[in-house]
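Below: the structure, in structure tokens.
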Amino acid sequence: MVDPEFIVADEPVSALDVSIQAQILNLLMDAREKRGLTYMFITHDLSVVEHISTRVAVMYLGTLCELASAADLFGSPQHPYTRALLTAIPKLGRDKPGHISLKGEVPTPVNLPEGCVFHGRCIHADKRCKQEIPILTRLATGTNVACHAIEEGRLK
């Protein structure tokens, strides 16, 4: 396409060194501003997500856990998986007192567990989580989250 409006970028900077990553990200952001582009940026690198994104979707085994503005997601993550991911980001000058270690093993995507796909690794999981798939719900903050513990007020 000569003049796209929407670009899907799947791990576009993952194999690049940090200085080249920064150059590519700056080019993408400049193009977004100058041409009014929209990106679906797929990556595992949360520092890249924080740098380039305006809205973020967090997925676990192909299931949407949380959808929020980048500021809300990085400032106040809601879903237990999102919280664990964000505590795993290395930060200079920070010991790991807030680091969340996930228990258990990642299930196979071929044979997903019943209920919430994250229940086997979640410290907030209960019987309902093991039986019923949570529905993506919009919170008063505008964040969308799929978690029974949040819906029931067990997790704030």
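When Asp72 is tested against (1) touching an Asp or Glu at 6+ places or on another chain (Cβ under 9 Å); (2) within 27 Å of Phe118 (Cβ to Cβ); (3) not aliphatic (A, V, I, L, M), just one condition goes unmet, and that condition is (1).
Looking across Thr141, Thr108, one residue alone is part of a loop (DSSP other than H, G, I, E, B), under 18 Å from Glu66 (Cα atoms) and hydroxyl-bearing (Ser, Thr, Tyr). It is Thr141. The residue that is nearest to the chain's Cα centre (by Cα), among those in segment 54-90 that are surrounded by 15 or more Cβ atoms within 10 Å (Cβ to Cβ) and polar (S, T, N, Q), is Thr82.
Only one entry of Leu139, Leu155, Leu112 meets the criterion of being within 17 Å of Tyr60 (Cα to Cα) and either of a type outside the set (S, T, N, Q) or exposed (fewer than 11 other Cβ atoms within 10 Å of the Cβ) (or both), and that entry is Leu112.
Candidates are the residues of segment 30-53 that are of a type in the set (Val, Ile, Thr) and touching an Asp or Glu at 6+ places or on another chain (Cβ under 9 Å); the one that is surrounded by the most Cβ atoms within 10 Å (Cβ to Cβ) is Thr43. May I ask you to verify whether Val56 is in contact with a Leu (Cβ under 6 Å, 6 or more places away or on another chain), within 27 Å of Ser76 (Cβ to Cβ) and not acidic (Asp, Glu)? Spelling it out, Val56 is indeed in contact with a Leu (Cβ under 6 Å, 6 or more places away or on another chain), within 27 Å of Ser76 (Cβ to Cβ) and not acidic (Asp, Glu).
Against the conditions (1) over 19 Å from Thr143 (Cβ atoms); (2) in contact (Cβ under 8 Å) with a residue 40 or more places away in the chain; (3) surrounded by 12 or more Cβ atoms within 10 Å (Cβ to Cβ), Ala22 satisfies every one except (2). Exactly one residue among Val49, Val2 is free of Cβ contacts under 8 Å to residues at least 24 places away in the same chain and either in contact with a Phe, Trp or Tyr (Cβ under 8 Å, 6 or more places away or on another chain) or at positive phi (or both), and that residue is Val49. Among the residues of segment 144-156, those that are free of Cβ contacts under 8 Å to residues at least 24 places away in the same chain and either at positive phi or not in a loop (DSSP other than H, G, I, E, B) (or both) comprise Glu151, Gly153.
Can Ser69 be described as modelled with pLDDT of 95 or more, on the phi < 0 side of the Ramachandran plot and not aromatic (Phe, Trp, Tyr)?
Spelling it out, Ser69 is indeed modelled with pLDDT of 95 or more, on the phi < 0 side of the Ramachandran plot and not aromatic (Phe, Trp, Tyr).
Look at (1) within 17 Å of the chain's Cα centre (by Cα); (2) modelled with pLDDT of 95 or more and you find that Val106 fails only one, number (2). Based on this model, can you work out whether Val8 counts as more than 23 Å from Cys147 (Cα to Cα), outside the structural domain of Cys116 (by TED's automatic domain parsing) and among the β-branched types (Val, Ile, Thr)? Taking the combined requirement at face value, the residue satisfies it. Does Glu132 fit the bill of being surrounded by fewer than 17 Cβ atoms within 10 Å (Cβ to Cβ) and at pLDDT 90 or above? Spelling it out, Glu132 is indeed surrounded by fewer than 17 Cβ atoms within 10 Å (Cβ to Cβ) and at pLDDT 90 or above.
The values are calculated or read from the model by the stated rules, or taken from the named source; none is laboratory data. What you are looking at is a predicted structure, and each value in this text was computed from that prediction instead of being measured. Methodologically, a virtual Cβ is constructed for each residue, glycine included, from the backbone with ideal geometry; neighbour enumeration extends over all protein chains shown.
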